[in-house]
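Sharing a structure here in structure tokens format.
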Amino acid sequence: MKIFKYISIILLSLVALVLVSALFIKNEFAVERQIEIHKPNAQVFNFLRFLKSQDEFSVWALTDSNMEKSMSGKDGMVGAISRWKSNNKDIGTGEQEIIGIVENKQVDLELRFKEPFESKDHAYFLTEAQGDSSTIVKWGFDGRMDYPMNFMLPIIGMENELGGMLQTGLDKLKIVLEK
């Protein structure tokens, strides 16, 4: 019985440590990556504004070729929604909606994840002309994890994990647009 008591005390102490630690960990995160693409800004922006274009460069879209996809609204316009459903636990089920467009500058997206967890986050593409024949593209993602799940943020390492996926997508985007 004493061993059960000690194990219980240790487990309760660990749970308490996690809960107290989570009080001091930020619950919001922001990750952004960029790349230079040797194409005019208008051409790059007109590709990025369409949700369907992500099928050609997004790590998530390219991970599961059997993913179910659907679209509503007019792609490339505010209000367009792209939905996905995947059996791959890293992709899950959700949708993204174009919530704002600043012509030749920015596309804002709201991501609504349904499975394997529910959350609502913000993503964006920014384009900036670098002369007549080159464009800087920034792909960013910001979101939050509520208490006590925010304890996982330092463990997950969003800057490296999510940032790596964004950079891989941007590298693929560069190949697609520059070919």
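The values are calculated or read from the model by the stated rules, or taken from the named source; none is laboratory data. Please read these numbers as outputs of a predicted model, since none were measured by experiment. Don't worry about glycine lacking a Cβ; one is built from the backbone with ideal geometry, like all the others, and counts go over all protein chains shown.
Restricting the search to region 134-165, which residues are part of a strand (DSSP E or B), at pLDDT 75 or above and not polar (S, T, N, Q)?
Of everything in region 134-165, those that are part of a strand (DSSP E or B), at pLDDT 75 or above and not polar (S, T, N, Q) turn out to be ILE136, VAL137, LYS138, TRP139, GLY140, PHE141, ASP142.
If you go through region 44-74, how many residues are surrounded by 15 or more Cβ atoms within 10 Å (Cβ to Cβ) and either hydrophobic (A, V, I, L, M, F, W, C) or more than 19 Å from the chain's Cα centre (by Cα) (or both)? Walk me through it before giving the result.
The initial filter retains those residues of region 44-74 that are surrounded by 15 or more Cβ atoms within 10 Å (Cβ to Cβ), namely 44-51, 53-54, 56-62, 64, 67.
Filter again for either hydrophobic (A, V, I, L, M, F, W, C) or more than 19 Å from the chain's Cα centre (by Cα) (or both), leaving 44-48, 50-51, 57, 59-62, 67.
Of the residues in region 44-74, 13 are surrounded by 15 or more Cβ atoms within 10 Å (Cβ to Cβ) and either hydrophobic (A, V, I, L, M, F, W, C) or more than 19 Å from the chain's Cα centre (by Cα) (or both).
Given GLU68, GLU56, which one is modelled with pLDDT of 90 or more, acidic (Asp, Glu) and out of contact with any Ser or Thr (no Cβ under 8 Å at 6 or more places or on another chain)? Before the answer, list the steps.
On the way: GLU68 fails: out of contact with any Ser or Thr (no Cβ under 8 Å at 6 or more places or on another chain).
After ruling out the rest, the residue left standing is GLU56.
I've got another one for you. Can you tell me which residues in region 82-91 are in contact with a Ser or Thr (Cβ under 7 Å, 6 or more places away or on another chain) and surrounded by fewer than 18 Cβ atoms within 10 Å (Cβ to Cβ)?
Of everything in region 82-91, those that are in contact with a Ser or Thr (Cβ under 7 Å, 6 or more places away or on another chain) and surrounded by fewer than 18 Cβ atoms within 10 Å (Cβ to Cβ) turn out to be ARG83, LYS85, ASN88, ASP90.
Further question on the same structure: Out of all the residues in region 19-43, which are at pLDDT below 80, assigned to a helix (DSSP H, G or I) and surrounded by 13 or more Cβ atoms within 10 Å (Cβ to Cβ)?
SER21, ALA22
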